[in-house]
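A.B. asks: Sharing a structure below in structure tokens format, with a few things to ask.
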Amino acid sequence: MGREQQLPEMGRWLVVVVMMVAVGMVAWVLGWPGVITAVDINQHRLNKPLPGINRAEGYSQTFRPRRDGMYQIDLLAVRYEDVAQAELGSLFIQLTNEAGEVVAEWDVATGGIGHNEPYTLQFEPQVDSGGQQYRLQMVGNGYNPITFWGYTVDVHAGGAFEPAEGELTDLAEMRFSTTYQLLPRTAVAEIVGPVGRYGFGWLLLGLFLLGPGVAWLVWFVPGSWRWPWLVWVGMGVALGMGTWPIVWGWVTLVNGRFGPTSLWGLTIIWWLVGGAGFYWHKRKKGDDEGGVRRQKLGGVGGLLLLILVIGLMGRLVAVRDLVAPPWVDSSRHAFMTQITMDTGQMITDYEPYWEAERLPYHYGFHTIAASWFLMQGDELEPEALLYLGQLLNGLVGLMVFSGAWLLTRQKWVGLLAAFWVSIPYFFPAYYATWGRFTQLSGMMILPLLMGVTWQVGLGARQRRQGGVLLMGVLATGLFLIHMRVFIFYLPWAGLVALLAGWRRWKPLLLAGGLTVLLSGPRLWILWRWTTPSRWTRPTISNYHEFPTGYLSVGWEQWFWGLVAVVVVYVVYLAVRRPRRATLPLAVLLWVVATLVAVSGRRVGLPETNLLNLSSLYISLFWPAALLLGIGGYAWGRWLGRQRWLWQVVGYGLVGGGVAIVGWYGWQQQGMIINPQTVLAEPADVAGWAWVDENLPAEAKVGVNGWQWLGNTWAVNDGGAWVLPLTGRMVSTPPVDYIYNRGLAEEVRAFNGEAVAVADWTEPTSIRLFHEYGITHLFVGSRGGLWDPADLIENPNVWLLWGEDGAFVFAVRYE
């Protein structure tokens, strides 16, 4: 087909950009996909109905939102069934701001409102609602059967319940919540703020991670100077993430210790070694080895950086309301990081809190986090750990791009793959809602390790230079950071070995031997602490169920539909052009083999609590994005051979699709945190500080527990962070207590007995605390087993501190 019948490259870009702008403008006008919203104030506690409302007896609630953009208030109704002619009931509600101006009014027919039915009040978003006090006033007619739930303890610092004039009541708050829309100016502040607070630390992290990678690449992989510069940076970061846990392990083996000075010194040495290697290669080997002939990314490099920035912005916005990483794993990682900082060694025990009878949990991420805090001279801060995780999450796109390029040598494949995982796809962004730092770190290494393994086994000779070293360092780092992801990698290594044939096994075997050698300290510990039966005996019910719930969130079904289309294309290639299908077919076989291996009894294989389908599913974003990148690149090549009219249509679809998927994806990123996993709330921060400053070091603090996974109990409010941040022992420590049998039995026994207590207002209920040596109680703002109102009524429990829904009590023994 003649070139005159095709669009020039500039014309293709013009079609894409014009369509993106057009679709974006239409979406903006139509209000699609919607605004980012979240709950601000959540006064969820209740224990008593508010007084009935009639014309003579109205009441009000004052409150102070934290966020601008408030547009909704939610209440919970109480219905009195003995009201005559209730069908005629009505309620007049008025919302006023701090200046006394009316924001909104509602005349509500209350006859059809049911008992315990949520009732929502919506109004125009208040652009300056943050920090301003509002008043919600209510007056009903004589037939009104509706009032609302309230609470007898002051749990909202920004306001209070105000009864009708002259009416006596012990109520302190309504049960209510407010919701806000994220305004553009607020979104900008939520992006700029963390960058300002942690930007220097992030740059330091980059220097820390890149130092070892630069040294390895310059001295042992001189051919890497021809790689695109972003691939080189991605590999450098992955090597650094792999190297530092190795170094910590070997230093610990000889009883050495890391501190700020030694970490800074070793980082500088890495960079000096790398700089010397660059100078030597530049001078002795000429420009070819010095990097002048590096492969160019052109506009793809700029697009990738733009994608990474947009993805990171979405991740920063997502955690705007959090004071600590969510869910159970987060406090565990903080605790392990703190111990690593205190000892200067890889974690081998939990002393002085308890002795670990075994400790099979991977430690690699915690050495990186501990190094980061130590080098800055900072104490561990939950918010800093949260944003460290989001930075790593944002870098996944770079690692996916680098791994895809190593596998395919096609920059557009890498760019498309990076786009999917950075902006629209649900994973890995959703890792933030679990605080899944370790698996996230492992998934950063996996794409590059797979790429290097492919080149060592099947690549041309010049592409295998230094591959054994890269494989050994990356594989060891992955093993130390996340054992489960390392196991997912093993079928890929086996598959590459089969495809390579026995004549190419030598470098693969050498890399495997190097991995075993570098992993020596950790392998020795695991050999002493574990037995095969611990890994092969399933003990957790429903642990191996397929996570079907993920398929109903976001646009997961559409995503996997696109992947299915690419799978059909790969099968077609395998039949018609098998040589071109080698890589994508290998990726499919790897996924299938791994899926079968973790399916357990469904396919007649043994099951283990080390692996399950859920852990695999949340890792499939990488091969899925890679396949979409391969499929998209193939479609682009086909489109480039068509006539200009079809190219206009095709590139128009590309532009429109990118605009829709990107717009919706970014909005999804901003709301990706599951509120059910948020344990720590702003009020808890002051509570942690109060405990740290006022409770004796030997205090043992009772915290709200719940049965989390199998027989393991965890904390379901801000009390989860008391031990990591204050060093005070608690009734339910971070879940690493399971590695001490005696402590595990004590935690299970205490929580089992605590749940069985029927009335915490009874003075005798504190006998349970006496039995387990508990001297104080911490009740977080989210709350759990213990209701603060009940504890306040107990004469043997003293309220020491309370603010905005978080409380600290002392237990009195007589």
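The values are calculated or read from the model by the stated rules, or taken from the named source; none is laboratory data. Predicted, not measured: the structure shown is a model, and the values here were computed from it. Positions of Cβ are backbone-derived with ideal geometry, glycine not excepted, and every protein chain shown enters the neighbour counts. Each accessible area value is taken on the protein alone, full model and side chains, heavy atoms only, with ligands, DNA and RNA left out. Shrake-Rupley method; radii C 1.70, N 1.55, O 1.52, S 1.80 Å.
A.B. asks: Which of the residues belonging to the range 596-620 are hydrophobic (A, V, I, L, M, F, W, C), crowded, with 16+ Cβ neighbours inside 10 Å and under 24 Å from the mean Cα position of the chain (by Cα)? Spell out how you get there, then give the answer.
C.D. replies: Initially, the range 596-620 is screened for residues hydrophobic (A, V, I, L, M, F, W, C), giving 596-598, 603, 605, 610-611, 613, 616, 618, 620.
Filter once more, so that each one left must be crowded, with 16+ Cβ neighbours inside 10 Å: 597-598, 611, 613, 616, 618, 620.
Val598, Leu611, Leu613, Leu616, Ile618, Leu620, listed by residue number.
A.B. asks: So which residues in the range 747-797 are more than 23 Å from Arg45 (Cα to Cα), assigned to a loop (DSSP other than H, G, I, E, B) and not aromatic (Phe, Trp, Tyr), if there are any at all? Show your work before the answer.
C.D. replies: Looking only at the range 747-797, we keep the residues that are more than 23 Å from Arg45 (Cα to Cα), and these are 747-750, 752-753, 764, 767-775.
Going one step further and asking which of them are assigned to a loop (DSSP other than H, G, I, E, B), we end up with 772-775.
Correct list: Gly773, Ile774, Thr775.
A.B. asks: Only one residue in Tyr543, Tyr550 is of a type in the set (Ser, Thr, Tyr), open to solvent by 30 Å² or more (accessible area, probe 1.4 Å) and at pLDDT below 80, so which one is that? Give the steps one after another, and end with the answer.
C.D. replies: Working: Tyr550 fails: at pLDDT below 80.
Testing whether each residue is of a type in the set (Ser, Thr, Tyr), open to solvent by 30 Å² or more (accessible area, probe 1.4 Å) and at pLDDT below 80 leaves just Tyr543.
A.B. asks: Is it true that some residue in the range 70-77 is open to solvent by 50 Å² or more (accessible area, probe 1.4 Å) and either in contact (Cβ under 8 Å) with a residue 24 or more places away in the chain or over 28 Å from the mean Cα position of the chain (by Cα) (or both)?
C.D. replies: Filtering the range 70-77 for residues open to solvent by 50 Å² or more (accessible area, probe 1.4 Å) gives none.
No, the conditions are met nowhere in the range 70-77.
A.B. asks: Here is a further query. Working carefully through the options Glu762, Glu753, Glu746, Glu681, find the one that is among the charged types (D, E, K, R) and buried (at least 19 other Cβ atoms within 10 Å of the Cβ). First the steps, then the outcome.
C.D. replies: Numbers: Glu762 fails: buried (at least 19 other Cβ atoms within 10 Å of the Cβ); Glu753 fails: buried (at least 19 other Cβ atoms within 10 Å of the Cβ); Glu746 fails: buried (at least 19 other Cβ atoms within 10 Å of the Cβ).
None of the others qualify; the one that does is Glu681.
A.B. asks: Also: Here are Leu316, Leu304, Leu297, Leu312: which of them is touching a Leu at 6+ places or on another chain (Cβ under 6 Å), under 23 Å from Ser402 (Cβ atoms) and surrounded by 18 or more Cβ atoms within 10 Å (Cβ to Cβ)? Quick ask: steps written out before the conclusion?
C.D. replies: On the way: Leu316 fails: touching a Leu at 6+ places or on another chain (Cβ under 6 Å); Leu297 fails: touching a Leu at 6+ places or on another chain (Cβ under 6 Å); Leu312 fails: touching a Leu at 6+ places or on another chain (Cβ under 6 Å).
The unique qualifying residue is Leu304.
A.B. asks: Would a scan of the range 54-64 turn up a residue that is aromatic (Phe, Trp, Tyr) and in contact with a Gly (Cβ under 9 Å, 6 or more places away or on another chain)?
C.D. replies: Here is the first cut: in the range 54-64, the residues aromatic (Phe, Trp, Tyr) are 59, 63.
Filter once more, keeping what is in contact with a Gly (Cβ under 9 Å, 6 or more places away or on another chain): 63.
Scanning the range 54-64 turns up at least one residue that is aromatic (Phe, Trp, Tyr) and in contact with a Gly (Cβ under 9 Å, 6 or more places away or on another chain).
A.B. asks: Turning to a different aspect of this structure: Out of the range 41-94, which residues are in contact with a His (Cβ under 8 Å, 6 or more places away or on another chain), of a type in the set (A, V, I, L, M) and within 30 Å of Leu182 (Cβ to Cβ)?
C.D. replies: Across the range 41-94, the qualifying residues are Ile41, Ala77.
A.B. asks: Of all residues in the range 103-118 being small (Gly, Ala, Ser) and more than 41 Å from the chain's Cα centre (by Cα), which is surrounded by the most Cβ atoms within 10 Å (Cβ to Cβ)? Working first, answer last.
C.D. replies: Narrowing the range 103-118 to residues small (Gly, Ala, Ser): 104, 109, 111-112, 114.
Restricting the remaining residues to those that are more than 41 Å from the chain's Cα centre (by Cα) gives 109, 111-112.
Details: Ala109: 12, Gly111: 17, Gly112: 10.
Taking the candidates together, the pick is Gly111.
A.B. asks: Six or more apart or on different chains, Cβ under 8 Å: which pairs go from a residue in the range 641-654 that's open to solvent by 100 Å² or more (accessible area, probe 1.4 Å) to one that's aliphatic (A, V, I, L, M)? Could you list them?
C.D. replies: Arg641/Met1; Arg643/Met1; Trp644/Leu7; Trp646/Leu639; Leu653/Met19
A.B. asks: Another question, then. Phe200 - would you say it is open to solvent by 40 Å² or more (accessible area, probe 1.4 Å), under 29 Å from the mean Cα position of the chain (by Cα) and either closer than 30 Å to Trp271 by Cα or of a type in the set (Val, Ile, Thr) (or both)?
C.D. replies: Details: open to solvent by 40 Å² or more (accessible area, probe 1.4 Å): yes; under 29 Å from the mean Cα position of the chain (by Cα): yes; either closer than 30 Å to Trp271 by Cα or of a type in the set (Val, Ile, Thr) (or both): yes.
Yes, satisfied.
A.B. asks: Tell me which of these Leu509 doesn't satisfy, since it passes every other one: (1) part of a helix (DSSP H, G or I); (2) crowded, with 19+ Cβ neighbours inside 10 Å; (3) not acidic (Asp, Glu).
C.D. replies: So the condition that Leu509 fails would be (2).
A.B. asks: Please indicate, with yes or no, whether at least one residue in the range 157-177 is among the β-branched types (Val, Ile, Thr) and under 30 Å from Gly52 (Cα atoms).
C.D. replies: Narrowing the range 157-177 to residues among the β-branched types (Val, Ile, Thr): 169.
Within this subset, residues satisfying the condition of being under 30 Å from Gly52 (Cα atoms) are 169.
Scanning the range 157-177, I find at least one residue that is among the β-branched types (Val, Ile, Thr) and under 30 Å from Gly52 (Cα atoms), so the answer is yes.
A.B. asks: Would you point out which residue out of Thr408, Thr476 is open to solvent by 10 Å² or more (accessible area, probe 1.4 Å), in contact with a Gly (Cβ under 8 Å, 6 or more places away or on another chain) and hydroxyl-bearing (Ser, Thr, Tyr)? Give the derivation first.
C.D. replies: Values: Thr476 fails: open to solvent by 10 Å² or more (accessible area, probe 1.4 Å).
The match here is Thr408.
A.B. asks: Looking at the range 131-163 only, could you name the residues that are of a type outside the set (Phe, Trp, Tyr) and in a strand (DSSP E or B)?
C.D. replies: Going through the range 131-163, the residues of a type outside the set (Phe, Trp, Tyr) turn out to be 131-133, 135-142, 144-147, 150, 152-160, 162-163.
Matches in the range 131-163: Arg135, Leu136, Gln137, Met138, Val139, Gly140, Ile146, Thr147, Gly150, Glu162.
A.B. asks: Go through the range 17-48 and count every residue that is in a helix (DSSP H, G or I) and either open to solvent by 30 Å² or more (accessible area, probe 1.4 Å) or modelled with pLDDT of 85 or more (or both).
C.D. replies: Residues in the range 17-48 being in a helix (DSSP H, G or I) and either open to solvent by 30 Å² or more (accessible area, probe 1.4 Å) or modelled with pLDDT of 85 or more (or both): 12 in total.
A.B. asks: In the range 607-652, what residues are aromatic (Phe, Trp, Tyr) and either assigned to a loop (DSSP other than H, G, I, E, B) or in contact with a Ser or Thr (Cβ under 9 Å, 6 or more places away or on another chain) (or both)?
C.D. replies: Within the range 607-652, Tyr633 is the sole residue that qualifies.
A.B. asks: While we're here: Output the residue which, of all residues in the range 164-192 that are assigned to a loop (DSSP other than H, G, I, E, B) and open to solvent by 40 Å² or more (accessible area, probe 1.4 Å), is modelled with the lowest pLDDT.
C.D. replies: Looking only at the range 164-192, we keep the residues that are assigned to a loop (DSSP other than H, G, I, E, B), and these are 164-172, 175, 182-183.
Filter again for open to solvent by 40 Å² or more (accessible area, probe 1.4 Å), leaving 165-170, 175.
Values: Glu165: 79, Gly166: 72, Glu167: 79, Leu168: 76, Thr169: 86, Asp170: 91, Arg175: 97.
Checking each candidate, the answer is Gly166.
A.B. asks: Within the bounds of the range 686-702, is there any residue that is touching an Asp or Glu at 6+ places or on another chain (Cβ under 9 Å), among the aromatic types (Phe, Trp, Tyr) and open to solvent by 10 Å² or more (accessible area, probe 1.4 Å)?
C.D. replies: Yes, that holds for at least one residue.
A.B. asks: Give the residue, chosen from Pro696, Pro733, that is modelled with pLDDT of 95 or more and either in a helix (DSSP H, G or I) or more than 21 Å from Pro325 (Cα to Cα) (or both). Break it down into steps so the answer makes sense when it comes.
C.D. replies: Values: Pro733 fails: either in a helix (DSSP H, G or I) or more than 21 Å from Pro325 (Cα to Cα) (or both).
Unique residue meeting the criteria: Pro696.
A.B. asks: Got a sec? Which of Phe335, Phe373 is crowded, with 23+ Cβ neighbours inside 10 Å and either without any contact (Cβ under 8 Å) to a residue 24 or more places away in the chain or part of a helix (DSSP H, G or I) (or both)? Step through it out loud before you land on a result.
C.D. replies: Values: Phe373 fails: crowded, with 23+ Cβ neighbours inside 10 Å.
So the residue among Phe335, Phe373 that is crowded, with 23+ Cβ neighbours inside 10 Å and either without any contact (Cβ under 8 Å) to a residue 24 or more places away in the chain or part of a helix (DSSP H, G or I) (or both) is Phe335.
A.B. asks: Something else now. Identify all residues within the range 80-109 that are polar (S, T, N, Q) and under 20 Å from Gln133 (Cβ atoms); write none if there are none.
C.D. replies: In the first step, residues of the range 80-109 are kept if they are polar (S, T, N, Q); the result is 85, 90, 94, 96-97.
Scanning the range 80-109 gives Gln94, Thr96, Asn97.
A.B. asks: Would you tally the residues in the range 108-120 being within 16 Å of Asp74 (Cα to Cα) and either assigned to a strand (DSSP E or B) or free of Cβ contacts under 8 Å to residues at least 24 places away in the same chain (or both)?
C.D. replies: Taking the range 108-120 and keeping what is within 16 Å of Asp74 (Cα to Cα), we get 108, 110, 113-120.
Of the ones still in play, those that are also either assigned to a strand (DSSP E or B) or free of Cβ contacts under 8 Å to residues at least 24 places away in the same chain (or both) are 108, 118-120.
Summing the residues that are within 16 Å of Asp74 (Cα to Cα) and either assigned to a strand (DSSP E or B) or free of Cβ contacts under 8 Å to residues at least 24 places away in the same chain (or both) in the range 108-120 gives 4.
A.B. asks: Say we look at the range 668-678 and pick out the residues that are part of a helix (DSSP H, G or I) and open to solvent by less than 30 Å² (accessible area, probe 1.4 Å); which of these is nearest to Glu381 (Cα to Cα)?
C.D. replies: Residues of the range 668-678 part of a helix (DSSP H, G or I): 668-670, 675-677.
Still in the running and open to solvent by less than 30 Å² (accessible area, probe 1.4 Å): 668-670, 677.
On the way: Gln668: 27, Gln669: 24, Gly670: 23, Thr677: 19 Å.
Among residues in the range 668-678 that are part of a helix (DSSP H, G or I) and open to solvent by less than 30 Å² (accessible area, probe 1.4 Å), the one nearest to Glu381 (Cα to Cα) is Thr677.
A.B. asks: With Gly100, Gly52 as the choices, which residue is open to solvent by 30 Å² or more (accessible area, probe 1.4 Å), in contact with a strand residue (DSSP E or B) (Cβ under 8 Å, 6 or more places away or on another chain), of a type outside the set (D, E, K, R) and not in a strand (DSSP E or B)? So that I can check it myself, show each step before the final result.
C.D. replies: Details: Gly100 fails: in contact with a strand residue (DSSP E or B) (Cβ under 8 Å, 6 or more places away or on another chain).
None of the other options fit; the residue is Gly52.
A.B. asks: Applying the selection to the range 482-493, what residues are out of contact with any helix residue (DSSP H, G or I) (no Cβ under 8 Å at 6 or more places or on another chain) and either open to solvent by 30 Å² or more (accessible area, probe 1.4 Å) or not in a helix (DSSP H, G or I) (or both)? Working first, answer last.
C.D. replies: Going residue by residue through the range 482-493, those that are out of contact with any helix residue (DSSP H, G or I) (no Cβ under 8 Å at 6 or more places or on another chain) are 483, 487, 490.
Of everything in the range 482-493, those that are out of contact with any helix residue (DSSP H, G or I) (no Cβ under 8 Å at 6 or more places or on another chain) and either open to solvent by 30 Å² or more (accessible area, probe 1.4 Å) or not in a helix (DSSP H, G or I) (or both) turn out to be Ile487, Leu490.
A.B. asks: Let me ask another. Any residue at all in the range 77-94 that's closer than 30 Å to Glu190 by Cα and either of a type outside the set (Gly, Ala, Ser) or touching a helix residue (DSSP H, G or I) at 6+ places or on another chain (Cβ under 6 Å) (or both)? Walk me through how you get there before you give the answer.
C.D. replies: Taking the range 77-94 first, the residues closer than 30 Å to Glu190 by Cα are none.
Among the residues of the range 77-94, not one is closer than 30 Å to Glu190 by Cα and either of a type outside the set (Gly, Ala, Ser) or touching a helix residue (DSSP H, G or I) at 6+ places or on another chain (Cβ under 6 Å) (or both), which makes the answer no.
A.B. asks: Does the range 590-605 contain any residue that is of a type in the set (Ser, Thr, Tyr) and assigned to a helix (DSSP H, G or I)?
C.D. replies: Step one: list which residues in the range 590-605 are of a type in the set (Ser, Thr, Tyr), which gives 594, 599.
Next, only the ones that are assigned to a helix (DSSP H, G or I) stay: 594.
So far as the range 590-605 goes, yes, one or more of its residues are of a type in the set (Ser, Thr, Tyr) and assigned to a helix (DSSP H, G or I).
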